[in-house]
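Student: First the structure, which I've put down as structure tokens, then a few questions once you've had a look.
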Amino acid sequence: MNISATSRSARPLAAVVGACALLLLAGCHNNSAPNNDTTPSGNASGGAATPGTPNSSASSGGTTTGTPSGSASSGKTTPGTPSSGTSGGGSGQTQLAFVTNNPSDYWKICNKGVDAAAKKLGDKVQFVEPADGTAATQKQDVDDLLAKGVKGIAISPVDPPNQTDYLNTVAAKTNLITSDSDAPNSNRLCYIGTDNHAAGVMAGKLIMQAIPKGGKIMLFVGKSDAQNAKDRISGIQDALKGSNITIVDTRTDDTDHARAKQNAADAIVSNPDLAGMVGIWSYNGPAIYSAVKGANKQGKIQIIAFDQEEDTMNGIKDGTIAGTIVQQPYQFGYASVMLLDQLAKGNKSGIPANKLDIVPTQVINKSNIAAYEASQAKLLGGS
């Protein structure tokens with residue numbers, strides 16, 4: 001996943017109002033896809049969760065686009081140097097931050113949501129992507145934010161089990177919420193994101209549809225101990241219980257994109273009878289897609305992915321990828337900033353009783369990809 005923040009020019013007021021209206025509708029209603037293809041919205045009592053707009057919505061208008069902190073023209077970063085951008089601006093505004101777990105195209109959409117909320121509220125929000133996707137770099141980035149005195153941080157933890165003590169330290173210094181991936185045993189105030197176990201179950205059902213005769217499959221992910229990865233994998237396992245599909249291995253790449261591609265290529269060579277390959281994180285789908293095409297195995301190996309990276313969508317269009325489970329990263333960013341703003345002002349009414357705010361997921365395949373891409377283009381202002 002490779003991204004650095006880029007400058008965003010202010011959009012016409014009409015486009016902004018339209019985007020906000022669409023967002024509010026998305027936060028208030030279930031996705032329009034059939035119930036069997038969409039995880040429920042609202043608060044979930046188990047697993048990880050994701051929200052739409054916070055339960056107590058901020059109704060004020062007016063937004064400003066983000067501009068990068070420092071120069072970000074090259075699109076490249078070095079370890080220890082976050083790819084970051086700042087939404088909003090000016091002294092006296094509420095200082096907030098959103099910290100991802102690694103750089104990826106997936107996060108570009110989330111950053112759009114962060115920008116929209118920052119503009120709506122007039123807050124200054126720094127969007128930080130740890131350059132090498134390690135817990136050490138993420139900690140350094142968060143420490144830098146704390147030194148700047150930010151009033152709230154939304155974070156997708158790289159290694160939740162081993163970061164719990166540190167996250168508790170952060171939570172004692174500022175308002176801390178998790179987004180995209182949870183740290184349920186920490187003192188974070190709320191989790192905003194996908195019910196990843198339910199998303200995994202959706203993926204498992206899609207696997208069975210794509211491979212009706214059964215066979216061997218392999219899973220691919222950046223880090224198997226990340227909470228969202230664990231939940232998705234357990235969901236897939238639960239869905240496949242009693243089926244004639246066998247998971248032969250789960251291969252990790254530590255968010256190294258070159259290694260992700262090599263893992264997929266090696267799996268095809270060492271498992272000539274492989275029937276399916278599943279990409280758990282957003283960039284895994286494109287990596288598998290490239291490997292399958294390189295081995296001329298289109299149609300022989302079924303691919304199931306997560307999220308909506310460009311090559312994943314291209315693979316669905318050309319029939320190489322059976323489908324993908326898409327989240328709503330725009331909502332993650334928007335809802336996180338809205339809630340952090342409330343918390344910075346002493347308002348905790350937006351935190352659900354179970355501290356989980358769930359945003360629904362949806363299956364995208366060849367039958368609905370055109371409609372989905374049209375709706376995303378409208379939401380993101382055609383950019």
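Derivation of every value follows stated rules applied to the coordinates shown; laboratory data play no part. Source: prediction; values computed, not measured. When we count neighbours, we look across all protein chains shown, and the Cβ atoms used for this are built from the backbone with ideal geometry, even at glycine.
Student: Got the relative contact order for the range 196-326 handy, in percent, Cα pairs under 8 Å and 6 or more residues apart? Don't skip to the end; give the middle numbers.
Tutor: Working: 269 pairs, mean separation 35.0, N = 131.
Value for the range 196-326: 27 percent.
Student: Residue-wise, which Karplus ³J(HN,Hα) couplings in Hz belong to the range 242-257, taking 6.51 cos²θ - 1.76 cosθ + 1.60, θ = phi - 60°, and x for glycine or proline?
Tutor: Whole-Hz 3J(HN,Hα) from phi for the range 242-257: x, 8, 9, 10, 10, 7, 8, 5, 10, 10, 10, 10, 6, 6, 8, 5.
Student: Counting Lys +1, Arg +1, Asp -1, Glu -1, what net charge surrounds Ser243 among other residues with beta carbon under 13 Å of its beta carbon?
Tutor: Every neighbour counted, the sum reads +3.
Student: Rounded to a whole number, what is D in µm²/s for the range 102-261 from Stokes-Einstein with the Kirkwood radius over alpha-carbon pairs (10 °C, 1.306 mPa s)?
Tutor: 92 µm²/s
Student: Can you list residues whose amide H is under 5 Å from Arg251's amide H, if they're 5+ apart or on another chain and H is modeled 1.01 Å from N?
Tutor: Leu219, Phe220, Val221
Student: Step through the table entries Lys173/Lys223; Lys108/Lys216; Lys120/Lys230, compare each Cα-Cα distance with 30 Å, and write down the pairs that go over it.
Tutor: Numbers: Lys173/Lys223 28 Å; Lys108/Lys216 34 Å; Lys120/Lys230 35 Å.
Long pairs (Cα-Cα over 30 Å): Lys108/Lys216; Lys120/Lys230.
Student: Let me ask something else about it. Let me check I have the definition right: for the range 196-326, take the eigenvalues of the Cα gyration tensor, multiply each by 5, take square roots. What are those semi-axes in whole Å, largest first?
Tutor: 18, 17, 14
Student: Between Ala377 and Lys213, what is the label-to-label distance in nm when each label sits 7 Å out along the Cα-to-Cβ direction?
Tutor: About 3.8 nm separates the two model spin labels.
Student: Now a separate question. Quick one: what are the phi-derived ³J(HN,Hα) couplings along the range 357-366, Karplus 6.51/-1.76/1.60 with θ = phi - 60°, whole Hz, x for glycine and proline?
Tutor: 10, 9, 10, x, 10, 8, 7, 10, 9, 5
Student: Going highest first, how would you order 337-343, 143-149, 127-133 by mean Cβ packing within 10 Å?
Tutor: Ranked from most to least packed, the peptides come out as 337-343, 127-133, 143-149.
Student: Also: Give, as a single signed number, the net charge of other residues whose beta carbon lies under 9 Å from the beta carbon of Val128, with Lys and Arg counted +1 and Asp and Glu -1.
Tutor: Values: positive: none; negative: Glu129, Asp141, Asp144.
Net charge in that neighbourhood comes out at -3.
Student: For the peptides 291-297, 238-244, 328-334, what is the packing order when you average, over each peptide's residues, the other Cβ atoms within 10 Å and list the highest mean first?
Tutor: 328-334, 291-297, 238-244
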